1. Residues in the stretch 238-256: is at least one in contact with an Asp or Glu (Cβ under 7 Å, 6 or more places away or on another chain) and surrounded by 22 or more Cβ atoms within 10 Å (Cβ to Cβ)?
2. When only residues in the stretch 286-313 that are assigned to a loop (DSSP other than H, G, I, E, B) and of a type in the set (A, V, I, L, M, F, W, C) count, which is farthest from S269 (Cα to Cα)?
3. Evaluate the stretch 239-251: report whether one residue or more is among the small types (G, A, S) and modelled with pLDDT under 95.
4. Please go through the stretch 22-51 and give me each residue that is among the hydrophobic types (A, V, I, L, M, F, W, C), part of a helix (DSSP H, G or I) and closer than 12 Å to S121 by Cα, ordered by number.
5. Only one of these is surrounded by 24 or more Cβ atoms within 10 Å (Cβ to Cβ), among the hydrophobic types (A, V, I, L, M, F, W, C), more than 30 Å from R191 (Cα to Cα) and touching a residue at least 24 places away in the same chain (Cβ under 8 Å): A12, A17. Name it.
6. Going by the conditions given, is S56 surrounded by fewer than 18 Cβ atoms within 10 Å (Cβ to Cβ) and within 30 Å of A402 (Cβ to Cβ)?
7. Which one of these is surrounded by 19 or more Cβ atoms within 10 Å (Cβ to Cβ) and modelled with pLDDT under 95: A181, A177, A224, A185?
8. Tally the residues that are touching a residue at least 40 places away in the same chain (Cβ under 8 Å) and at positive phi, restricting the search to the stretch 249-288.
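The values are calculated or read from the model by the stated rules, or taken from the named source; none is laboratory data. Remember, it's a predicted structure, so these values are computed and weren't measured experimentally. Cβ placement follows ideal geometry from the backbone for every residue including glycine, while neighbour counts extend to all protein chains displayed.
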Amino acid sequence: MESVLAAQADLAWLLAAFALVSLMFPGLALFYGGMLGAKNTLNMMMMVMSTLAVTSVLYVLYGYGLVSGPSVGGLGLIGDPTDFIGLGQFQNDEGTGGAEGAFDAAFFILFAAITIAIAASGAAGRMKFTGWIAFSAVWLTVVYFPLAHWIFAIDDGWMSKLGVHDYAGGTAVHMNAGVAALALAFALGKRRSGERPHNLPLVVIGAGILFFGWFGFNGGTAGASDFLAQYVILTTLLSACAGMIGFAIVEQLREKRITGLGIVTGLISGLVGITPAADAMSPIGALLVGVIAGAGVCALLGLKNKLGIDESLDAFAVHGLGGMFGTLCVVLFASGAAPGGVTGVLFGGSPDIIWRELVGILATCVYSFVMTFLVAKGLDKLMGIRVDSETESQGLDVSVHAESAYELTPARSAPKPGGETSA
């Protein structure tokens, strides 16, 4: 009886975690939409939300096998999709994988979709929507699915067998998405005119929803309603809050002010930083991860402008560099007493952890950048994925989707006596 109750508790938590992660999509849509100009808000929101549709179809057809199937030839590079075509095994709990496999498929669809959604930062305001759909499908197939197999296919993917520590997607999700956004920005080129954030309240609301969903992202990765889930929720909270502090300190020192956009950027930086390290840090370590990620991201945000890179929404800095900072924190001060059982070199851990984690970072970043750039350039040659100058100038909301985020009408005063209305 006790085991049945435990299983039910696990299922209840995992379903709740799934619901939390699903809210990250409207959260990211609001976060990104508010950071752009008003004329491209809906287009960006559609880019984010459309990733769910594309990813779900591909995961059922072959994506689950490519990520979680047995490695082809035992090389750990890509899974075999033929064992899971159509996910027919998950129609009842007696099939291969059963109910647990069905949840894994649904949960990791969200992981894949949020990864490509983050990468939309590199295409903001200048990419055809049809081009984005095509890019998403090809990118997931040749970039995300292989990378996810490397680290998420436990004891099967080569990165996992190497011993790279990545609790919940610092490599395949965050570094991958940030580097892909950078490569996509290079491939598409600069926007013809820049945009300032048009609605910071939307940005703050979106960040708050992402914060809410991240507890499901990290907590659900534990796979059960157990101590690990409780622990990573604590470290996630601590790092996120410390990320705001780290970002604010650097912003105050450099700009002599602390901004609302900076605070929420620090929040997300802390969340990204703790993602690969959530099970390996002490509570003090989680605070250090957040401060380092927030401060490091703030310090390096201006680098893209100096290099002339138009990666509009800072995915590379926040997710790419933030993921690297979190992974390097594992190397330095992971606590052996934490559930992850990893000890950083500053606490007497084996120096082997240094080269293992660096290999994980380097392999992820090089593969993601090169393949993303090739995919974008190839599709541009094949179908043309960048909008023309007139469309870009008018804004993609109206010119591509025939919609507008805001319908503003002139204000009219109250009627005068006798029924007349003043202009």
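1. No, the conditions are met nowhere in the stretch 238-256.
2. Ranking the candidates gives I309 first.
3. no
4. Residues satisfying the conditions are L28, A29, F31, M35, M44, M45, M47, V48.
5. Matching residue, one of A12, A17: A17.
6. Criteria met by S56.
7. Answer to the selection: A185.
8. Number satisfying all stated conditions: 0.
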